[in-house]
Amino acid sequence: MAFFAHIGTGFALKPAAPKAPVILLITAAMSADLVCFLLMALGVAGESILAWTHGLFISGVWALVFGFTSGVILKNARAGVFTGIAVFGHWLIDFITHPMYGGDMKPDIPLFLEGSPKVGLGLYGNLAAAIIIDLAVLAAGIALYVHYRLSQAKPPATSPGE
Ligand SMILES: [Zn+2]
């Protein structure tokens, strides 16, 4: 979860990877949740969803696969690396925010697969703070992105006397 913060990381990474489309970076940053929702829609239940979408191990694997594939398709190593970082950034944000709000508030992010130790710093324990930080990360990401786009759009500076 932490939906807006994930979108924010996608925007924020664009200046670092000019060749990666911003929609790809946002999708990468949200991919763990997108797969999670897909599995839920398919009726996969319980702990295994988080193990297979949000575990530290699986996030590392997914970041490598997603990043490598993007780099190959875009023919740009830097774009691939930052797409991978966008994927793994999801884990870092969820590590800070989880356990998900509304449950028993026990750490719910597995380090490995099902049955492995779970972590989560529990920012959702303070829902107001979590929402504010969530939106702040989105705002910061968009600000970085807009600043980048504006700097790209600027015509080259003319020297005096021209
Ligand atoms: Zn998530």
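The values are calculated or read from the model by the stated rules, or taken from the named source; none is laboratory data. Computed from a prediction, not measured in an experiment: that's the story for all the values here. Positions of Cβ are backbone-derived with ideal geometry, glycine not excepted, and every protein chain shown enters the neighbour counts. The protein model used for the area step is the full one, side chains on, heavy atoms only, and it has no ligands, DNA or RNA in it. Shrake-Rupley method; radii C 1.70, N 1.55, O 1.52, S 1.80 Å.
Using a simple spin-label model with pseudo-atoms 7 Å out from Cα toward Cβ, Ala77 and Leu127 lie 4.8 nm apart. For Val65 and Lys106, a Förster radius of 30 Å and the Cβ-Cβ distance give a FRET efficiency of 0.50, rounded to the nearest 0.05.
Could you list the chymotrypsin sites (Phe, Trp or Tyr not before Pro) in the range 1-92 that lie in coil according to DSSP, counting only those with at most 15 other Cβ atoms within 10 Å of their Cβ? Walk me through the intermediate numbers first.
Working: sites: Phe3, Phe4, Phe11, Phe37, Trp52, Phe57, Trp62, Phe66, Phe68, Phe82, Phe88, Trp91; in loops: none.
Answer in residue order: no site qualifies.
The modelled label-to-label distance between Phe37 and Val146, using points 7 Å beyond Cα along the C-beta direction, is 2.5 nm.
Charge tally for Val87 (other residues, Cβ to Cβ under 14 Å; Lys, Arg +1; Asp, Glu -1): -2.
Rounded to the nearest percent, how much of the accessible area of the chain (1.4 Å probe, protein heavy atoms only) is carbon and sulfur? Don't jump to the answer; show the numbers that get you there.
Values: 6690 of 8950 Å².
Carbon plus sulfur share of accessible area: 75 percent.
Can you tell me the dipole magnitude for the range 1-137 around its Cα centre, using point charges on the Cβ only (Lys, Arg +1; Asp, Glu -1), in Debye to the nearest 20?
Working: 6 positive and 7 negative charges, 123 e Å.
Roughly 600 debye for the range 1-137.
With helices defined as uninterrupted DSSP H runs, which ones in the chain have an alpha carbon span along their own long axis of at least 15 Å and mean Kyte-Doolittle hydropathy of at least 1.0?
Values: long enough: 3-13 (16 Å, 1.42); 22-41 (26 Å, 2.38); 56-74 (26 Å, 2.04); 77-97 (30 Å, 1.18); 127-153 (39 Å, 1.53).
The answer, listed by residue number, is 3-13, 22-41, 56-74, 77-97, 127-153.
The H on the amide N of Ile109, modeled in the peptide plane, is under 5 Å from the matching H of Val119, each at least 5 residues off or on a different chain. Each other residue within a Cβ distance under 10 Å of Gly71 adds +1 if Lys or Arg and -1 if Asp or Glu, for a net charge of +3.
Modelled label positions at Leu135 and Leu113, each set 7 Å beyond Cα in the direction of Cβ, lie 4.1 nm from each other. Given 20 °C and 1.002 mPa s, how large is the Stokes-Einstein diffusion coefficient of the chain in µm²/s, with Rh as the Kirkwood radius over Cα pairs? My calculation gives 129 µm²/s for D.
Per residue, how much accessible area does the chain show when a 1.4 Å probe rolls over the protein heavy atoms, in square angstrom?
55 Å²
Cross-link partners of Lys19 among lysines, defined as those whose alpha carbon lies under 23 angstrom from its own and excluding same-chain residues fewer than eight positions apart: Lys75, Lys154.
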